[in-house]
Amino acid sequence: QVQLVESGGGLVQTGESLRLSCAASGSIFAIDTMGWYRQAPGKQRELVATRAEDGSTNYADSVKGRFTIPRDNAKDTVLLIMNALKPEDTAVYYCHARCFNRDFWGQGTQVTVSS
């Protein structure tokens, strides 16, 4: 089992930045990939960025060049650094971990970008 706790959402204006944090606990030694997904009202949940155990990363085209997914100094924490935010980035952001061939999700944190 893996537990994920997100923090750092909020309300910002277009062009500003936010940092999300996701702390994992439990069987963190078995985590293969951690990442972020988001879900806007009326839309399906979509991938934002992922980071594999080997350090490789993957980004949605819509966030490339604006978002990064570094790992914090603690091995069990992954960040989402969001720059140049746009109103279309408004969504609930969910932390995700793949572990033991299962998907684990955080509770979600709201990000709202006003125009």
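Taking all Cα-Cα distances within the chain, those exceeding 16 Å account for 55%. If you wrap the tightest convex hull around every Cα atom of the range 54-115 and split its volume per residue, you get 115 Å³. Checking every one of the trypsin sites (Lys or Arg not before Pro) in the range 38-115 against DSSP loop status and a limit of 16 other Cβ atoms within 10 Å picks out Lys43, Arg45, Lys64, Arg66, Lys75.
Take every Cα pair under 8 Å whose residues are at least 6 apart in sequence, average their separation, divide by the length of the range 1-111, and the relative contact order is 36 percent.
Computed over the chain with a Gaussian network model linking Cα atoms closer than 10 Å, the most mobile of Phe67, Phe104, Phe29 is Phe29. Each other residue within a Cβ distance under 9 Å of Ala23 adds +1 if Lys or Arg and -1 if Asp or Glu, for a net charge of -3. Carbon-plus-sulfur accessible fraction, the range 46-109 (probe radius 1.4 Å, protein heavy atoms only): 46%. Local charge for Leu80 was computed over the other residues whose Cβ lies under 13 Å away, with Lys and Arg +1 and Asp and Glu -1, and equals +2.
The values are calculated or read from the model by the stated rules, or taken from the named source; none is laboratory data. These numbers were taken from a predicted model, which means no experiment stands behind them. Because the Cβ atoms are built from the backbone with ideal geometry, glycine has one as well, and the counts that use them run over all protein chains shown. Accessible surface is based on the protein model in full, side chains and every heavy atom, while ligands, DNA and RNA are left aside. Shrake-Rupley method; radii C 1.70, N 1.55, O 1.52, S 1.80 Å.
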